[in-house]
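Here is the structure we will look at, set down as C-alpha cells.
The values are calculated or read from the model by the stated rules, or taken from the named source; none is laboratory data. This structure is a prediction, so every number in the text was calculated from the model and none was measured. Don't worry about glycine lacking a Cβ; one is built from the backbone with ideal geometry, like all the others, and counts go over all protein chains shown. Only protein heavy atoms, including side chains, enter the accessible area calculation; ligands, DNA and RNA are left aside. Shrake-Rupley method; radii C 1.70, N 1.55, O 1.52, S 1.80 Å.
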Amino acid sequence: MSALLEVQVAAVRQLTPVVREFTFAAVNGRLPGFSSGSHVQVVLPLAERTLRNAYSLLGDPRDSGVYRIAVRLQEASRGGSRYLHEQVQVGDRLQIGVPSNLFPLHSLARHHILVAGGIGITPFMAYLAELEAQGASFELHYAYRSGLTDAYTAELQARLGARFHGYDAAAGQRLDCANLLTGKPLGSHLYICGPQRLLDDLRARAAALGWSAGRLHWEAFAAPEPGLPFTAELTRSGQRIAVAGDHSLLEALEAAGVEVPNLCRGGVCGQCATGYLGGEVEHRDHYLDEQQRSHVLMPCVSRGGCSGPLLLDL
Amino acid sequence: MSVVMKALETYRDDFTFRNSPEAIARFPFPFPEDSYMYSVNLEPATPREPGSVFAHWFDIDEHYVSEMAERARVLERDPDRCLVMPHMAQAAWDTLEMLMEHLAADYPEHFALQREGAQWLWSNRPLGIEQRFTFGDASTLPCEPLEYITRQAQGDFALLDQRDGDLFMDAGMVTCPADWSLKFDAGMSFKQWHAPVPGVAHQLGVFERALKYLVNIQVGHPVRRLNWTMTINPRLDTSSETFHEWGHERGEVTAENVASLVHLRVELQFMPRLPRSNALLFGIRTYLISLEELASNPAWACRLHRVLRDLPDEIADYKGLTRYRQTVVDWLRQFDPQACAA
Ligand code: HEM
Ligand code: FES
C-alpha cells in the first residue's frame, strides 16, 4: 500500500451490539471512486503499535462522496476492532489506503447468488447497490443471529423483498447449502463471504453439482492471526528482526523500515511474495502452491517457527 | 507549461504533419540501450519533468487539433472503430470522468470541468466545445460517452474488463493502431490478442508476468511502458482494416526519400485502474517522427542505427520492417562513429 488518504470520521452508528458502522469523508479534495467488492486498509494507531486492517467498502459505488465500513468486534483479535469500537469517535482523523478490489462482481454473470455469513454481509452491501442500479438478476442469502450479528437485516428485507433470504440462528433457522444451488439458471455465479465452514460447505456442494470453478467467488481474507514469536534474518543485510506473537512478519518488516509491496494483507493477492532460504515456515496464505512454498512465503500472514531464524532473501 | 497548438496538418494524402523543434525535443525515444529485445518494461507512471510527455496522465501536444480531425475522418468512414459492449457502459463513464478531470487539472488553459452533483459542464477551447450533461445519463451527450470523450483525447484507448484473473478487450476507440484491429480483437483475452506477437516474447514469459502485474494495478497507481514500430509517411491510421491503403508504401522507400518517408512510431502506453468499474484502461498515445527529424539528435540516430541493424529478423518481420530495413540502416550509418570507422 503506497499512498495513504487522510479521512475524517463523519458518522458512527452502532448497528448491533457487536457491529459498528463508520462513515469516512475526505479531509482534502474528493475520495477516489471504488468498485463494488473493494476494500480499504485502515491504519489503526494502537498505543503499543500500529495495525493495518482491511475492511470492505459498503456504500454505493456510484456515490463515492464518502466511504463506509462496518466492523465486528472480534474478541480474539489483536486489538484493531476493539480500537475502532472503543476509541474512534466522530470528528477523528484516520489514514486509509486507496480502495482495491480482490472480490469483484463478474460482468458476464446472468444471475448472481450472494451468500453472507454474519459480518460477511459487508462487501455485498456495495454489490447490492451496483446490481440494483444495473437492473441485474440476483438473490441474497444472509445467515445471522438476531440481536447480535443481524446488521442491515430490516433495511435489506424491505429493499429486496423476495430476493432476500434470511436465516436467523437465534430462531434455529439454518442456511441449507444443498438447496441453495439446485435449479439455478445456467450462467449463475456464486459469491461467498463468511466463515470458513460456510465457504468449505458451499464449495464442496458446488463441485458436486458440477459448477465450474470460475463461477465461484469468495472473499477469503485471513486476517493475520496471532501466533508464536520468532526471529527473521535478512540475509542480504544481515539484519535480525524479532517478530512478536501478535505481529505479522510483514508488520515487523515495515516497523524495521523494510518496504515490501503489499495489497490485501490477507494472503490472497500475491503482492508480498518474499523468497526465503531456510528456516521453518508456517504457510497461512491462499496464494502459493506447494512447489512455490518450498522457497517463497507471504509475510502478511505466514510465520516462522521457533526452532531457529527464518532466513529471508531480503 | 502552456501547449501551443499548430494549425491543421494531415496524416494522409498530402501528409503535411511535421514536428516542431520543441516536439522533437520531447519525443519519447524508446531505446535505453543499443539493442532491443522484448521484456516486461512496465514502470509506475510517476510524473516526470514538466513539459515532457511523462508529465501528465494524458499528454496533449501541438498536434491535438489535427489528430482529433483525423480521428473524426476515420470514424466518418468507419464508425465501428469505437466499440462498447453493454457490460462496459460503466467503464466508459469512468474513462470520461478520468479524462475530463485530468485534462482540466493539467491543461486549465484549454479544458475546464465544473461538477455540481451529476450536473457537469465541460469546456474544450481548442475544439470549441461547451457541453452541459448529466453524468451517468448517456442521453444528455451527443453520442456514447466513450466515443464522446475519446474524440477529444489524443491516442487510442482500449478498455479491458477484468474477470477470471484475465483481461478482455470489451470496449475501445481505436483509430490509429499499429497494424491491428479492435473489431478483430474484440472480446479476446490478454493471451489471445497477443497471439500474433513473435514466439520469443512468449518464450521469455513476457505475457504471463505482465498480466499478473496488470490485474493488480490499483486505483491511483497507473503504470506505463513504451512500445515502438516504424511507419511509412506520418500516417496515424495503420489499422489492419485499411492495410490495402498503406501496406504497399513499404515498397516505395529509396535511398533518396528514406529520411523523410520513414517514421519511428512510439507508443506511450498508460494503464490506470478505472475506479468504479474495476476495468483497466489501456491508453496508446502514438508519437511519430521522421528519420530526418530524429537525426537532429545524432545520439538518437546512432542508437537507432545499432538497434535496427541488430534487430532479430523475427521481430523485424512482425513489425513489417523487412522490406526497407536495410535502406534505413544504410542511411543511419553516417550517425554511428563506430560503424563509420569500421
Ligand atoms: C492490457 C493492455 C494491453 C493491450 C490492450 C495490448 C494490446 C496489444 C495489441 C493489440 C498488440 C498487437 C498484436 C497484433 O499483432 O495483433 C500488442 C502487441 C504487443 N504487446 Fe501488448 N497490450 C497490452 C499490454 C501489454 C503489456 C503490459 C506488455 C508487456 C510488457 C505488452 C507487450 C506487447 C508486445 C511485446 C507486443 C508486440 C509489439 C511489437 O513488437 O511491435 N502488451 N499489444
Ligand atoms: S499482501 Fe496480499 S498476499 Fe500478502
*For segment B:228-244, how many residues are open to solvent by 30 Å² or more (accessible area, probe 1.4 Å) and either away from ligand 1 (no atom under 11 Å from the Cβ) or not in a helix (DSSP H, G or I) (or both)?*
3
*Take B:R225 and decide whether it is part of a strand (DSSP E or B) and open to solvent by 50 Å² or more (accessible area, probe 1.4 Å).*
yes
*Say we look at segment B:56-77 and pick out the residues that are among the aromatic types (F, W, Y) and open to solvent by 10 Å² or more (accessible area, probe 1.4 Å); which of these is nearest to B:F17 (Cα to Cα)?*
B:F58
*Does B:R209 fit the bill of being more than 14 Å from every other protein chain (Cβ to nearest Cβ), away from ligand 2 (no atom under 16 Å from the Cβ) and of a type outside the set (V, I, T)?*
no
*Quick check: anything in segment B:147-157 within 12 Å of ligand 1 (Cβ to nearest atom) and either open to solvent by 40 Å² or more (accessible area, probe 1.4 Å) or outside any helix (DSSP H, G or I) (or both)?*
yes
*Residue ID - most open to solvent (accessible area, probe 1.4 Å), chosen from residues in segment A:145-175 that are more than 21 Å from A:V71 (Cβ to Cβ), out of contact with any Leu (no Cβ under 7 Å at 6 or more places or on another chain) and among the basic types (K, R)*: A:R174
*Among the numbered conditions (1) touching a residue at least 24 places away in the same chain (Cβ under 8 Å); (2) near ligand 1 (Cβ under 7 Å from one of its atoms); (3) away from every other protein chain (no Cβ under 14 Å), tell me where B:L214 comes up short.*
(3)
*asked:* I'm told B:E267 meets every condition in (1) touching a His at 6+ places or on another chain (Cβ under 7 Å); (2) at pLDDT 95 or above; (3) within 10 Å of ligand 1 (Cβ to nearest atom) except one. Can you identify the failing condition by its number?
replied: (1)
*asked:* From the list A:A116, A:A76, exactly one residue is aliphatic (A, V, I, L, M), at pLDDT 95 or above and under 30 Å from A:G227 (Cβ atoms). Which is it?
replied: A:A116
*Which numbered condition A:S137 fails, given (1) among the polar types (S, T, N, Q); (2) surrounded by fewer than 17 Cβ atoms within 10 Å (Cβ to Cβ); (3) without any contact (Cβ under 8 Å) to a residue 24 or more places away in the chain*: (3)
*May I ask you to verify whether B:A259 is of a type in the set (A, V, I, L, M), buried (at least 19 other Cβ atoms within 10 Å of the Cβ) and assigned to a helix (DSSP H, G or I)?*
no
*Check segment A:256-265 and report whether any residue there is basic (K, R), more than 14 Å from chain B (Cβ to nearest Cβ) and open to solvent by less than 40 Å² (accessible area, probe 1.4 Å).*
no
_Can you find a residue that is open to solvent by 30 Å² or more (accessible area, probe 1.4 Å) and touching a strand residue (DSSP E or B) at 6+ places or on another chain (Cβ under 6 Å) anywhere in segment A:109-125?_
yes
*asked:* Given the criteria more than 23 Å from A:A54 (Cβ to Cβ), more than 16 Å from ligand 1 (Cβ to nearest atom) and surrounded by 14 or more Cβ atoms within 10 Å (Cβ to Cβ), does A:L311 qualify?
replied: yes
*A:R93 versus (1) over 18 Å from the mean Cα position of the chain (by Cα); (2) of a type in the set (D, E, K, R); (3) over 30 Å from A:V258 (Cα atoms): which is the lone unmet condition?*
(3)
*Which members of segment B:1-24 meet the condition of being touching a residue at least 60 places away in the same chain (Cβ under 8 Å), surrounded by fewer than 16 Cβ atoms within 10 Å (Cβ to Cβ) and in a helix (DSSP H, G or I)?*
B:P21
_Cβ-Cβ under 9 Å pairs, at least 6 apart or on other chains, segment B:129-142 side within 14 Å of chain A (Cβ to nearest Cβ), far side surrounded by fewer than 16 Cβ atoms within 10 Å (Cβ to Cβ) and among the hydroxyl-bearing types (S, T, Y)_ = B:T134/B:T140
_I'd like to know if segment B:270-283 contains one or more residues that are open to solvent by 20 Å² or more (accessible area, probe 1.4 Å), within 14 Å of chain A (Cβ to nearest Cβ), in contact with a Gly (Cβ under 6 Å, 6 or more places away or on another chain) and within 30 Å of A:G97 (Cβ to Cβ)._
yes
